[in-house]
Amino acid sequence: MMPRELTLTTIGLSLHDDLLIKSLLQIVNARTRDRWHFRDDMESDVALCDPESALVPLVQKHAQRNGSPRCISLVHEGLEPIRGTSVLAAPVRAADFIAMLDSVSSGLTTSAHASSASPRGDAIGTNSISSQPPSFGLLMHDLFAQASNDVYRIDSANVTLHVIPATRVWLLVQPLEEDDITQLLRSPPDLTLTRLSRDHAQRLLADDRINPYPVESLLWRAGLQGAQDRLLPGLPHDARFALRRWPDFGRLKHEQAHFRMAALLTRAPHDLDELANTSAQTHELARGFINACALCDLITVRPPASRATTVSATAASFDRPSSRYAGIFRSIRGALGFLQSSG
């Protein structure tokens, strides 16, 4: 039997896990039953998901409507998998990745994205993928992490806005009012997310009334007022954080404490406890500030102090381009070594 062409996407994974999976996918293809390719949307055959991602309900809804993708949980120690899904344990080993792909491919009768029987968003005008995410901030975090060029509509009571994650802009007739923002950020959220078809998106973009607005102001508010009981996915509790650049406090809603915390994270990396204690703020306020900076792509993540050789060595190498991917490359080399030893 000729090998089939199948596709895999990632949903809500950290940068480290996402790049590792994409690299392994190219490496292991010679060892899998079928040929696998990465596809950056939910029309894939398989979705490798972070169980804590706010996009998981959207993937499941899409699978119910279209028959794909099949959701697989990438589970780190201490986390629970998505109910009813197969599990790939992290850190990912090449042999386990191959076994997972072969196991999944044996249960796929046809490639989902090539099936003409499956309904598509383009055919019905929109692809409604409603869910009840934990918060607006978490939903936006995972949506922007996908960097999709699709147009999404977000509905919340009387508020409707459109967003293109890859461009990080809202598409609105006029700026949001304070009441609109309050509605979007209410807890628990009452949100519906809809991916527009290509035809619908083109009509929207051609509308002269629609104007682009930067996402940062709303994302900043979502981080500050969102889930202050936990850091966003991909921000380890024991990690240290530093600022890439100073927040634009001229445009962002802020308190005096935010200046203090920004100054601390500009001078040196701090973990959550250090930031709260040094700034004399509550952990909830410090978490909100870190989450807001992360949503606006202002934060960088460094390993805990116990894993760094020296603070000065870490600081000296942090801004070099290679340092961002050093851990990922080490993981890939480790997986390759396992692959060689297992063959």
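The values are calculated or read from the model by the stated rules, or taken from the named source; none is laboratory data. None of these values were measured; they are calculated from a predicted model. Reconstructed Cβ throughout: ideal geometry from the backbone, glycine too, with neighbour counts over all protein chains shown.
Where helices (runs of 4 or more DSSP H) fall entirely within segment 191-307, those with at least 2 residues that are not hydrophobic (A, V, I, L, M, F, W, C) and not assigned by TED's automatic domain parsing to the domain that holds LEU161 are at 216-225, 256-267, 272-279, 283-295.
Can you tell me which residue among LEU19, LEU13, LEU48 is surrounded by fewer than 22 Cβ atoms within 10 Å (Cβ to Cβ), in contact (Cβ under 8 Å) with a residue 40 or more places away in the chain and either outside the structural domain of SER105 (by TED's automatic domain parsing) or under 16 Å from GLN146 (Cα atoms) (or both)?
Working: LEU13 fails: surrounded by fewer than 22 Cβ atoms within 10 Å (Cβ to Cβ); LEU48 fails: surrounded by fewer than 22 Cβ atoms within 10 Å (Cβ to Cβ).
Answer to the selection: LEU19.
Condition (residue is out of contact with any strand residue (DSSP E or B) (no Cβ under 6 Å at 6 or more places or on another chain), farther than 29 Å from ARG230 by Cβ and either assigned to a helix (DSSP H, G or I) or in the same structural domain as PHE136 (by TED's automatic domain parsing) (or both)) applied to segment 59-70: is it met by at least one residue?
Applying the first criterion (out of contact with any strand residue (DSSP E or B) (no Cβ under 6 Å at 6 or more places or on another chain)) to segment 59-70 yields 60-68.
Those still in the list that are farther than 29 Å from ARG230 by Cβ too: 65-68.
Add one more test, that the residue is either assigned to a helix (DSSP H, G or I) or in the same structural domain as PHE136 (by TED's automatic domain parsing) (or both), and what stays is 65-66.
Yes, some residue in segment 59-70 is out of contact with any strand residue (DSSP E or B) (no Cβ under 6 Å at 6 or more places or on another chain), farther than 29 Å from ARG230 by Cβ and either assigned to a helix (DSSP H, G or I) or in the same structural domain as PHE136 (by TED's automatic domain parsing) (or both).
Mind listing whichever residues of segment 157-180 are modelled with pLDDT of 80 or more and either part of a strand (DSSP E or B) or touching a helix residue (DSSP H, G or I) at 6+ places or on another chain (Cβ under 6 Å) (or both)? Correct list: VAL159, THR160, LEU161, HIS162, VAL163, ILE164, PRO165, VAL169, TRP170, LEU171, LEU172.
Looking only at residues of segment 198-232 that are surrounded by 19 or more Cβ atoms within 10 Å (Cβ to Cβ) and more than 12 Å from ALA292 (Cβ to Cβ), we find that the one that is farthest from the chain's Cα centre (by Cα) is HIS200.
The residues in segment 1-50 that are part of a strand (DSSP E or B) and in contact with an Asp or Glu (Cβ under 9 Å, 6 or more places away or on another chain) can be counted, and the count is 11.
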